Amino acid sequence: MAENQKQYITPETKQKLENELNALIAHRPVVAAEINERREEGDLKENAGYDAAREMQDQEEARIKQISEILANSTTERSSIEEGVAVVGSVVHVYYNGDKDQKETFLIGTRAAASDNKDLETYSEHAPLGAAVLGAREGETREYTAPNGNTISVTIISAEPYDSQKYATLRESK
């Protein structure tokens, strides 16, 4: 990823990832102690406990690396998110196939960027819908091919930077 092309993640997601990373790092000594304890049981070729502890260590280290990369390549800064243009970090309001009653609202971003708001769907900018609307302006209609092979037109009603306070209020009012 280019240095200036950081992915947008919500402040809540950043905090959640930082908490998970800190917990995994704090858990390292526990896993290391478990490995040492299992190592002392004897023959490592037939020691399922040792193998399980090493597997746990490998999984946790992989997750630490993954979270570290996400945090290093992301930003919570919304200044680059232009009002009225569908970009990563935007909440987009659309309707489908010219039917203004068939509306949907979603966040454009990776699953790592997803908000904690379960009522707000998140679409990756690499998914067919996300890729189709990326860069579209309000009122613009784009087409994409759905996974089932159908061509769908999508019209942007509005696009705005994600605001956790606004969407938390909407979720609570439902």
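The values are calculated or read from the model by the stated rules, or taken from the named source; none is laboratory data. Predicted, not measured: the structure shown is a model, and the values here were computed from it. Heads up, the Cβs are rebuilt from the backbone with ideal geometry, glycines too, and the neighbour counts pull from every protein chain shown. Note: areas computed on protein heavy atoms with side chains; ligands, DNA, RNA excluded. Shrake-Rupley method; radii C 1.70, N 1.55, O 1.52, S 1.80 Å.
The peptide list 91-100, 55-64, 7-16, put in order of mean Cβ contacts within 10 Å with the highest first, becomes 7-16, 91-100, 55-64. A cut-off of 5 Å between modelled amide H atoms, ignoring neighbours fewer than 5 places along the same chain, links residue 74 with 7.
Pop out the carbon and sulfur fraction of the accessible area of segment 7-75 as a percent, whole number, probe 1.4 Å. Mind dumping the intermediate values first?
Details: 2210 of 4350 Å².
Solvent-exposed carbon and sulfur of segment 7-75 make up 51 percent of the total.
In this structure, the pairs whose alpha-carbon distance is over 24 Å, taken from 6/100; 16/65; 6/103; 14/103, are 6/100; 6/103; 14/103.
If you average 1/r over all unlike Cα pairs in segment 7-75 and invert the result, what Kirkwood radius do you get in angstrom? Walk me through the intermediate numbers first.
On the way: mean 1/r = 0.0744 Å⁻¹.
So the Kirkwood estimate lands at 13.4 Å.
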